[in-house]
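Asker: Below is one structure. I have some questions about it.
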Amino acid sequence: MDMPPKHGTSDLAGTDTPDRNNKNAKLDQLDAYREDATGQDLTTNTGTRIADNQNSLKVGERGPTLLEDFILREKITHFDHERIPERVVHARGAGAHGFFQAYAPLSELTKADFLNDPSKKTPVFVRFSTVQGPRGSADTVRDVRGFAVKFYTDEGNFDLVGNNMPVFFIQDAIKFPDFVHAVKPEPHNEIPTGQSAHDTFWDFVSLVPESAHMVLWTMSDRAIPVTYRAMEGFGVHTFRMVNAEGKSVFVKFHWKPVSGVFSLVWDEAQKLAGKDPDFHRRQLWEDIEKGDYPQWELGVQVVAEEDEHAFDFDLLDPTKLIPEELVPVRPIGKLTLNRNPDNFFAETEQVAFHLGHIVPGIDFSNDPLLQGRLFSYTDTQLLRLGGPNFNELPINRPVCPFHNNQRDAPHRQTINRGRASYEPNSIDGGWPKEAPEAPSKGGFTSYPEAISAQKIRQRSASFGDHFSQAQLFWASMSAHEQAHIINAYSFELSKVERMHIRERQVHEILANIDADLARQVALNIGVKPPAEQAKKGAAAKAVKPSPALSQMNLLSGNIKSRKVAVLIANGVNDADIDSLVSRLQAEGASHKLIAPSVAPVTSAGGKSLVPDASMEGMPSIAFDALFVPGGKAAVDVLLANGTALHYLLEAYKHLKAIALCGDAGDLASQLRLEMDAGLLSAADAHGVLDAFVTAMAQHRVWAREPKTAAIPA
Ligand code: HDE
């Protein structure tokens, strides 16, 4: 196969900036499978050159087609078999290649090689996803996001298959099919797509109080991220790390985005689902293509084995998090995504994650959800990828050697040599042989945890408090985050047809989290407000907020990677655009020129500007902020254009930073908008840029929110 050219400016070689001399094992390996047809003849799958790809073989020009036509049959047969089953959950997703680099040796905690050598760049493939919707559903729906990372380490693949929320809906894997059946579209009519706002979901979660904490997270702004790079990631379960001496600690994995954490507003999320269903995957793709690589820090919360029972919740309960104020997150390395896949199907669709893909130095806890997942992921790949050889697919192959006595099965790639496919054997010298545990480079051994117990089907009493951490999350939210949560519950429950389900959610669940939350939601959905807050869990205790849970405390403080719409029309002032562009470049942000149509615009200085999109093609919801340069003629065009006025009004309603230069200030007067910390005007760009950048770094002008209630959506 010929070597294809590499994508854009990105490089899997594994550096922040493209470094083509730095070799990467996974890249080399994938190159061997990449196909490039440039300059090549069209052939059948067996290499026979095809002379005519327009006409099937027929008896005469108008006669029947012949069975003999092996070219037609091969092409149609392949086409008929092109689809594989989509993932039963997390079907909708997007992936990217990159690398991980540890900050410093972590030998006191783990013997895992990739966490101990800061000079090593471990290749990774990451897949982000929604949970509920099918493969073709919209990116911006209210949902949990999957955050699955495959590290191709020198000691085997390690998959960290997490989410963008630190807890989960249920405590035991045996409830997973029930939960998923409830959240998926309803079985009789397959409605709704990509949404939890329907009866079966709320029926289930209102009957299962252990879901209260996670449902609160999904009703928060975390469930509508602006972009994947603005999400935190969590391993959710408690894992173990084991060092070379065999000492073990408990760990929780965290991904902290360098871009900070910020979200869409609900109206934007809904509109984007229609206007640009690919919004998240498009941003990931475009950021990587232009060399603006998304990055996350990997961190761990570490709990000594002897502190296993030091908390007022159970470390094995996946509906609980460890507050970061109790156990700080220790940064241990950085992930950079710097290369887009060449082929969505071969890489993003065929990638097969599994918690059981693990390396020496990392181990499992007894979290009953984790334990069930250890079964599920391989099982699901057998169906999805058609048999047990899925680890031989290029995207799944480890970069280190792998040898065992597993043989045959559909689509076997490896041509195993030798005659003994069993162990022990004396015919092939006994190879491959076990790699017993040694101080450093031994094989995987499970941590020898001592357990003495009876075989029972029972939930531990230590899993019994379902509301304390929901109260903690609620108490940690800022006022506007709380308001959004109330709105989200009200929206979702208003779509629930059965009144008794609405009532149960309010009276049995929300009332145990917060009286005000329950009361306000009740009033919005026509349910009688609860008389008083029931005292469940630790409700009687005063809740001390955890600042690490509020997105207000998770901004990066800069505007790197943010995107600005620049509204232009004929006669636009060149100098304002130039000042903005150089400032955005300096800040690591970008812009797009948006005009009434995509026809070229002539600036006041006589320059021909080619718009990146029309106002209809790229609405303000696709941007973080809006900039309108001056220029009387251009502003007159915008003032007379309803789409332009709506553009501005919508950006204002969505609490974005808006800069109006010179005559563009008239747009605010025409729309009767009050100037504020984010709606800024000045004679020219210079006068407005500092405040504009400051407002963008805050992401939204929250103080404006109450004033926008009367503005039509
Ligand atoms: Fe998954 N999950 N899950 N899950 N999960 C799958 O595996 C499952 C859970 C997560 O981008 C499936 O290959 C069970 C928690 C992600 O390919 C399946 C239980 C967390 C992805 C499966 C859980 C996750 C999956 C579907 C409860 C966060 C997408 C297709 C015991 C820590 C991976 C597939 C990708 C995918 C089972 C709960 C994250 C069926 C049984 C908790 C990110 O195997």
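Asker: Ignoring ligands, DNA and RNA, please state the percent of accessible area on the chain from carbon and sulfur, probe 1.4 Å.
Answerer: C and S fraction of accessible area: 54 percent.
Asker: Checking the cross-link filter: which aspartates and glutamates have an alpha carbon closer than 14 Å to that of Lys26, excluding same-chain neighbours under 8 positions apart?
Answerer: Counting by Cα, and skipping residues close in sequence, Lys26 has these aspartates and glutamates nearby: Asp11, Asp154, Glu155, Asp342, Glu347, Glu392.
Asker: Answer rounded, prolate or oblate for the range 89-364, using the Cα gyration tensor with square roots of eigenvalues a ≥ b ≥ c: rounded when a/c is under 1.5, else prolate when a/b is larger than b/c, else oblate. All intermediate terms of the calculation are to be shown ahead of the outcome.
Answerer: Numbers: a/c = 1.87, a/b = 1.24, b/c = 1.51.
Since a/c reaches 1.5 but b/c is at least a/b, the shape of the range 89-364 is classed as oblate.
Asker: Now for a separate question. Which value in nm describes the separation of the simple spin-label points at Thr38 and Asn189, placed 7 Å from the Cα toward the beta carbon?
Answerer: 5.1
Asker: For the chain, what proportion of DSSP beta bridges, expressed in % and rounded to the nearest 5, is antiparallel?
Answerer: Bridges in the chain that DSSP calls antiparallel: roughly 75 percent.
Asker: Nearest 0.05, what FRET efficiency do Asp690 and Asp636 give at R0 = 45 Å with Cβ-Cβ as r?
Answerer: E between Asp690 and Asp636, to the nearest 0.05, is 0.95.
Asker: State the answer as a single residue: which of Val688, Ala461, Ile658 lies farthest towards the positive end of the charge dipole of the chain, with beta carbon charges of +1 for Lys and Arg and -1 for Asp and Glu, about the Cα centre.
Answerer: Ala461
Asker: Another question about this same structure. Please give the peptides 100-112, 543-555 ranked by average Cβ packing (other Cβ atoms within 10 Å per residue), highest first, as a rough proxy for protection.
Answerer: Numbers: 100-112: 19.2, 543-555: 16.6.
Result, highest mean Cβ count within 10 Å first: 100-112, 543-555.
Asker: Which value, in Å² and to the nearest 10, is the accessible area of Ser669 when all protein chains are kept and the probe is 1.4 Å?
Answerer: Roughly 80 Å² of Ser669 is accessible to a 1.4 Å probe.
Asker: What's the extension gain from Asp516 to Thr46 if we count 0.36 nm per residue and subtract their Cα-Cα distance?
Answerer: Gain in length upon complete extension: 162.3 nm.
Asker: Per DSSP H run of n ≥ 4, the term is -39500 (n - 2.57); total these for the chain, divide by its residue number, and report the mean residue ellipticity at 222 nm rounded to 500 deg cm²/dmol.
Answerer: -7000 deg cm²/dmol
Asker: Sketch the reach of a paramagnetic label on Ile451 as a point 7 Å from Cα along Cα-to-Cβ, and name the residues of the range 226-261 whose backbone nitrogen lies under 16 Å away.
Answerer: 238-240
Asker: What's the percent breakdown of Cα-Cα distances in the range 183-300 across 10 Å bins, shortest bin first?
Answerer: 11, 28, 33, 20, 7, 1
Asker: Which order do the peptides 626-638, 672-684, 347-359, 302-314 take when ranked by the mean count of other beta-carbon atoms within 10 Å per residue, highest first?
Answerer: Sorting 626-638, 672-684, 347-359, 302-314 by mean packing, highest first, produces 626-638, 347-359, 672-684, 302-314.
Asker: Taking the Cα-to-Cβ direction at Thr65 and at Phe491 and moving 7 Å from each Cα, how far apart do the two end points lie in nm?
Answerer: 4.7
Asker: Taking the alpha-carbon set of the chain, what are its Rg and Dmax in Å?
Answerer: Radius of gyration, then largest Cα-Cα span, for the chain: 28.0, 89 Å.
Asker: Given a 1.4 Å probe, how much area per residue of the chain is accessible, in Å²?
Answerer: I get 45 Å² per residue for this part.
Asker: Between Ala625 and residues 5 or more places away or on another chain, which pairs have amide H atoms under 5 Å apart, with H built 1.01 Å from N, and which residues are they?
Answerer: Lys563, Ala565
Asker: If I take R0 = 30 Å and measure r between the Cβ atoms of His500 and Val88 in this structure, what FRET efficiency does the formula 1/(1 + (r/R0)^6) give, to the nearest 0.05?
Answerer: Computed FRET efficiency for His500 and Val88: 0.50.
Asker: Using the crude model of +1 on Lys and Arg Cβ and -1 on Asp and Glu Cβ, and no other charge, please compute the dipole size for the chain relative to its Cα centre, in debye to 20.
Answerer: Value, rounded to 20: 460 debye.
Asker: Can you give the extra length, in nm with one decimal, that the chain gains between Ala197 and Asp278 once fully stretched, where that is 0.36 nm per residue apart less the Cα-Cα distance? Kindly include the intermediate steps, with their values, before the conclusion.
Answerer: Working: separation 81, 0.36 × 81 = 29.16 nm, distance 2.12 nm.
Between Ala197 and Asp278, full extension yields an extra 27.0 nm.
Asker: If a paramagnetic tag sat 7 Å from the Cα of Ser56 along the Cα-Cβ line, which residues of the range 63-86 would have the backbone N under 12 Å from that point?
Answerer: Answer for this model: 63-77.
The values are calculated or read from the model by the stated rules, or taken from the named source; none is laboratory data. Just so you know, these numbers come straight off a predicted model, no measurement behind them. Glycine gets a Cβ as well: all are built from the backbone with ideal geometry, and neighbour counts include every protein chain shown. Areas reflect the complete protein model, heavy atoms only, side chains present, ligands, DNA and RNA absent. Shrake-Rupley method; radii C 1.70, N 1.55, O 1.52, S 1.80 Å.
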